[in-house]
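**Student:** First the structure, which I've put down as structure tokens, then a few questions once you've had a look.
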Amino acid sequence: MRLLYIIRDRSGRSVVKKLHRWSIGFVDGQEGFFEASLHQACDVTRRTWAEVQAMPRDRLKRFDAVVVNGKSGVPWRGDTADARVFDMFPQPVSLFIGNAQPEIMGEDPVLDRFKVIFKREPFADLERYAISEANRAKIVPTHLSNPMATMSWRMPARNRVRPLKRYAWDMPKVLDVFFIGTVQNTPEIPRQDVWAKIVAAEGVNAVGGILPKTGHDVPPDLLTEQIGRDQYREIMLQTKVNLALEGMGPFTFRHLELFWAGAFALSTPSIRPLRLRAPLVEDQDYVSFDTLDEMVDKIRYYAANDEARTQIARNGRAAYERLHDVDAHSVEIREALEA
């Protein structure tokens, strides 16, 4: 299948970074996993929205399908949404919504125009979307990429899930709990409230804290400094209970990093209503908490119970291998586009 992919607007990146990423086909972040899978599924031509608009119509006809990145600048959502913009394409057009928030979805007049809606971590209960049944049926779940795993659309061999030389469950533990992240205006349990509760908990050996962010006032005793990737990984491996807290969205890079490393993940509860492309089972693959008091209780329990903690960490890694499977997702993408 020859596919035209209208890529995310990266005009703000430096020329050097653009050339580097192009030369190795490096993909990461919000769309990395999806893009690696898309390139494996199809013969993909990557173009910006401006480049596509300048294409002659006879050139557009060469493609069997089109996929639009929702952050490409194509007007599919909000006040500028216009279904007529897709009339320029003679072939089926699909949409990739790479936003972190599960509630982000377009409206029927534009969604009606798409063949498939690839949505990052959507709600499992599709009735939460105020769209037609026909458009709900178009939703195919995908997810963000793992920052600890380098992925490339030019070199598919990089995208395989490989065994690690060491997993967190094999490492000696020197800390009870670890988290580091920027302050976020999360709707359920704010990160700064979580860390304040941990700082106040007696007998809990914790490291980390909240990274400062312009426009947010965080008490000095909750703040910490940025650390390097290697140090971050080493602390994660040597910690009994690693926190995976809601950020821009419920399911974060941190969740995937922990599952990848075989580290025990204690998550905020907002990942429960999500539909991932492979399931995560609460209290089997990860643990969550509903209140701050419950969080502290679970930190104490799992820090003291090595066997229970290790089993969940092992299950989390097995779940990661099912979830972060580019080969399997490429098949799902191609079947959806060809249906």
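The values are calculated or read from the model by the stated rules, or taken from the named source; none is laboratory data. Keep in mind the model is a prediction, meaning the values are calculated, not measured. Please note: Cβ atoms are built from the backbone with ideal geometry, for glycine as well, and neighbour counts cover all protein chains shown. In case anyone asks, the SASA skips ligands and DNA or RNA and just uses the protein heavy atoms, side chains included. Shrake-Rupley method; radii C 1.70, N 1.55, O 1.52, S 1.80 Å.
**Student:** Would a scan of the stretch 200-216 turn up a residue that is within 21 Å of the chain's Cα centre (by Cα) and assigned to a loop (DSSP other than H, G, I, E, B)? Explain how you work it out, then say what you get.
**Tutor:** Pass one, the stretch 200-216, residues within 21 Å of the chain's Cα centre (by Cα): 210-211.
Narrowing further to those that are assigned to a loop (DSSP other than H, G, I, E, B): none.
No: the stretch 200-216 contains no residue that is within 21 Å of the chain's Cα centre (by Cα) and assigned to a loop (DSSP other than H, G, I, E, B).
**Student:** Is there any pair with a first residue in the stretch 25-44 that is under 15 Å from residue 324 (Cα atoms) and a second that is aromatic (Phe, Trp, Tyr) and assigned to a loop (DSSP other than H, G, I, E, B) whose Cβ atoms are under 7 Å apart and which are 6 or more apart or on different chains, and what are they?
**Tutor:** Between residues of the stretch 25-44 that are under 15 Å from residue 324 (Cα atoms) and residues that are aromatic (Phe, Trp, Tyr) and assigned to a loop (DSSP other than H, G, I, E, B), the close pairs are 27/153; 35/153; 36/153.
**Student:** Next question. Kindly establish whether residue 85 is at pLDDT 95 or above and open to solvent by less than 10 Å² (accessible area, probe 1.4 Å).
**Tutor:** Working: at pLDDT 95 or above: yes; open to solvent by less than 10 Å² (accessible area, probe 1.4 Å): no.
No; evaluated as a whole, the condition is false for this residue.
**Student:** Of the numbered conditions (1) surrounded by 18 or more Cβ atoms within 10 Å (Cβ to Cβ); (2) touching a helix residue (DSSP H, G or I) at 6+ places or on another chain (Cβ under 6 Å), residue 325 fails exactly one; give the number of that condition.
**Tutor:** So the condition that residue 325 fails would be (2).
**Student:** Can you tell me which residues in the stretch 115-141 are under 19 Å from residue 65 (Cα atoms) and either touching a helix residue (DSSP H, G or I) at 6+ places or on another chain (Cβ under 8 Å) or modelled with pLDDT under 95 (or both)?
**Tutor:** Once the filter is applied, which keeps residues that are under 19 Å from residue 65 (Cα atoms) and either touching a helix residue (DSSP H, G or I) at 6+ places or on another chain (Cβ under 8 Å) or modelled with pLDDT under 95 (or both), the stretch 115-141 yields 115, 116, 117, 118, 135, 138, 139, 140.
**Student:** Against the conditions (1) under 22 Å from residue 150 (Cα atoms); (2) assigned by the TED database to the domain that holds residue 191; (3) surrounded by fewer than 18 Cβ atoms within 10 Å (Cβ to Cβ), where does residue 263 fall short? Just the number, please.
**Tutor:** (3)
**Student:** Out of the residues in the stretch 268-295 meeting the condition of being buried (at least 19 other Cβ atoms within 10 Å of the Cβ) and of a type in the set (A, V, I, L, M), tell me which one is nearest to residue 331 (Cα to Cα).
**Tutor:** Here the answer is 276.
Quick grid of which residues meet (1) under 21 Å from the mean Cα position of the chain (by Cα); (2) open to solvent by less than 10 Å² (accessible area, probe 1.4 Å); (3) closer than 22 Å to residue 3 by Cα:
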site	(1), (2), (3)
96	yes, yes, yes
100	yes, no, no
107	no, no, no
113	no, no, yes
121	yes, yes, no
124	yes, no, no
132	no, no, no
142	yes, yes, yes
150	yes, no, no
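**Student:** Could you list, in sequence order, the residues of the stretch 37-82 that are in a loop (DSSP other than H, G, I, E, B), of a type in the set (A, V, I, L, M, F, W, C) and open to solvent by 60 Å² or more (accessible area, probe 1.4 Å)? Can you show your working first?
**Tutor:** First, pick out the residues of the stretch 37-82 that are in a loop (DSSP other than H, G, I, E, B): 42, 48, 54-56, 61-64, 70-77, 81-82.
Filter again for of a type in the set (A, V, I, L, M, F, W, C), leaving 42, 54-55, 63, 74, 76, 81.
Result: 54, single match.
**Student:** Moving on. Mind checking which pairs have a first residue in the stretch 213-225 that is closer than 20 Å to residue 197 by Cβ and a second that is modelled with pLDDT under 95 and open to solvent by 80 Å² or more (accessible area, probe 1.4 Å), Cβ under 8 Å, 6 or more apart or different chains?
**Tutor:** From residues that are closer than 20 Å to residue 197 by Cβ, the pairs are 218/212; 223/212.
**Student:** Quick one: residue 315 ticks every box in (1) surrounded by 18 or more Cβ atoms within 10 Å (Cβ to Cβ); (2) in contact (Cβ under 8 Å) with a residue 24 or more places away in the chain; (3) within 22 Å of residue 200 (Cα to Cα) except a single one, so which number is it?
**Tutor:** Unmet for residue 315, out of (1) surrounded by 18 or more Cβ atoms within 10 Å (Cβ to Cβ); (2) in contact (Cβ under 8 Å) with a residue 24 or more places away in the chain; (3) within 22 Å of residue 200 (Cα to Cα): (3).
**Student:** Being in the same structural domain as residue 149 (by the TED database), closer than 23 Å to residue 147 by Cβ and basic (Lys, Arg) is true for just one of 13, 62, 84, 47. Which residue is that? Write out each step before concluding.
**Tutor:** On the way: 62 fails: closer than 23 Å to residue 147 by Cβ; 84 fails: closer than 23 Å to residue 147 by Cβ; 47 fails: closer than 23 Å to residue 147 by Cβ.
One residue alone meets the criteria, 13.
**Student:** Sticking with this one: Looking only at residues that are surrounded by fewer than 13 Cβ atoms within 10 Å (Cβ to Cβ) and free of Cβ contacts under 8 Å to residues at least 60 places away in the same chain in the stretch 188-202, which one is nearest to residue 243 (Cα to Cα)?
**Tutor:** Per the stated criteria, the residue is 200.
**Student:** A further question on this structure: Among the residues of the stretch 328-339, write down those that are under 13 Å from residue 138 (Cα atoms), surrounded by fewer than 17 Cβ atoms within 10 Å (Cβ to Cβ) and not small (Gly, Ala, Ser). Give the derivation first.
**Tutor:** Of all residues in the stretch 328-339, those under 13 Å from residue 138 (Cα atoms) come to 332-333, 335-339.
This time we only want the ones that are surrounded by fewer than 17 Cβ atoms within 10 Å (Cβ to Cβ), so: 335, 338-339.
Passing the criteria: 335, 338.
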